[in-house]
Amino acid sequence: QVQLVESGGGLVQAGASLRLSCAASGSIFSINAMGWYRQAPGKQRELVAGITTGGSANYADSAKGRFTISRDNAKNTVYLQMNSLETSDTAVYYCNARVKPGLWGRDLEVWGQGTLVTVST
């Protein structure tokens, strides 16, 4: 019922910037925390950045100083601005959100399908 759709991935050269977007749609009463995860080849999925409804953000050490997470609550959208991309940033990036489907509904954890970011030398 609730869907997250990521966009903005692609192939870029090291040092370039990229902005990922994730839009939530469906039966949504409210969205709580949202975040970006990534999974590189041969590695486990890891949290890149998270953001609360109020805008408080946290980042993985590898993302600090280069990435910025933000959200537009009116659009049910979360963004990840990635600057100074490195080859080690190559991964499938997944959007995640805690969604409250209704007034009395429990929060649901929803994942997007992922968007591939490839950073070349």
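The values are calculated or read from the model by the stated rules, or taken from the named source; none is laboratory data. Computed from a predicted model, the values in this text were never measured in an experiment. Virtual Cβ from ideal backbone geometry, glycine too; neighbours counted across all protein chains shown. Please note that ligands, DNA and RNA were not included when accessible areas were found on the heavy atoms of the full protein model with its side chains. Shrake-Rupley method; radii C 1.70, N 1.55, O 1.52, S 1.80 Å.
For Val92, the conditions (1) open to solvent by less than 10 Å² (accessible area, probe 1.4 Å); (2) in a strand (DSSP E or B); (3) among the aliphatic types (A, V, I, L, M); (4) at pLDDT 95 or above all hold with the exception of (1). Considering only the stretch 96-114, I want to know if a residue exists there that is over 20 Å from Ser30 (Cβ atoms), open to solvent by 30 Å² or more (accessible area, probe 1.4 Å), part of a strand (DSSP E or B) and touching a residue at least 24 places away in the same chain (Cβ under 8 Å). No, because not a single residue in the stretch 96-114 is over 20 Å from Ser30 (Cβ atoms), open to solvent by 30 Å² or more (accessible area, probe 1.4 Å), part of a strand (DSSP E or B) and touching a residue at least 24 places away in the same chain (Cβ under 8 Å).
Scanning the stretch 20-44 for residues that are polar (S, T, N, Q) and at pLDDT 90 or above gives Ser21, Ser25, Ser30, Asn32, Gln39, Gln44. Based on this model, can you work out whether Thr87 counts as more than 29 Å from Trp104 (Cβ to Cβ) and open to solvent by 50 Å² or more (accessible area, probe 1.4 Å)? Judged against the criteria, Thr87 is a match.
Scanning the stretch 1-11 for residues that are assigned to a strand (DSSP E or B) and aliphatic (A, V, I, L, M), we see that the one that is most open to solvent (accessible area, probe 1.4 Å) is Leu11.
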